[in-house]
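Written out below as structure tokens is the structure these notes cover.
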């Protein structure tokens, strides 16, 4: 993503020297397709709080069985559904904000519209405290 954003047209946000600097990502965080296990862990937590020990054992057995016997679940839990990036400069952030529009331009569409055969959709992230992490597997479309 750094090389893609660096290749995009400069916006002049950080002055002329910022136009020539490569765009750098400060940190990347991925959200994964792990809603099933999070749901069961929450349920188990509620049972612990209510001291419903027999139900805790049931949930533990269910989770253990799914984790040991479902390769599909293990594969899904390792599948990123979203990527959150913090960029080092305002120039980089603004180029990222314009990513979807920029890839529609003739010079960039063939190279940057997809990654690993998946369409890229870049948008401003919600505040982290507003994100329901176990629901990240849902899309808005």
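Elements of the type helices (runs of 4 or more DSSP H) sitting completely within region 1-75 and holding at least 3 residues that are closer than 30 Å to residue 97 by Cβ: these cover 2-7, 15-20. When you scan region 56-69, do you find a residue that is in contact with a helix residue (DSSP H, G or I) (Cβ under 9 Å, 6 or more places away or on another chain) and closer than 30 Å to residue 118 by Cα, even just one? Yes; the residues of region 56-69 include at least one that is in contact with a helix residue (DSSP H, G or I) (Cβ under 9 Å, 6 or more places away or on another chain) and closer than 30 Å to residue 118 by Cα. The set of residues in region 83-94 being within 15 Å of the chain's Cα centre (by Cα) and crowded, with 17+ Cβ neighbours inside 10 Å consists of 85, 87. Note on region 95-105: among residues that are in a helix (DSSP H, G or I) and within 19 Å of the chain's Cα centre (by Cα), the one that is nearest to residue 13 (Cα to Cα) is 95.
Checking the structure you have, find out if any residue of region 19-37 is at positive phi and assigned by TED's automatic domain parsing to the domain that holds residue 115. Within region 19-37, none of the residues are at positive phi and assigned by TED's automatic domain parsing to the domain that holds residue 115. The residues of region 2-38 that are under 30 Å from residue 71 (Cα atoms) and surrounded by 14 or more Cβ atoms within 10 Å (Cβ to Cβ), listed by number, are 31, 32, 33, 34, 35, 36, 37, 38.
The values are calculated or read from the model by the stated rules, or taken from the named source; none is laboratory data. What you see is a predicted model; the values in this text were computed from it and never measured. Methodologically, a virtual Cβ is constructed for each residue, glycine included, from the backbone with ideal geometry; neighbour enumeration extends over all protein chains shown.
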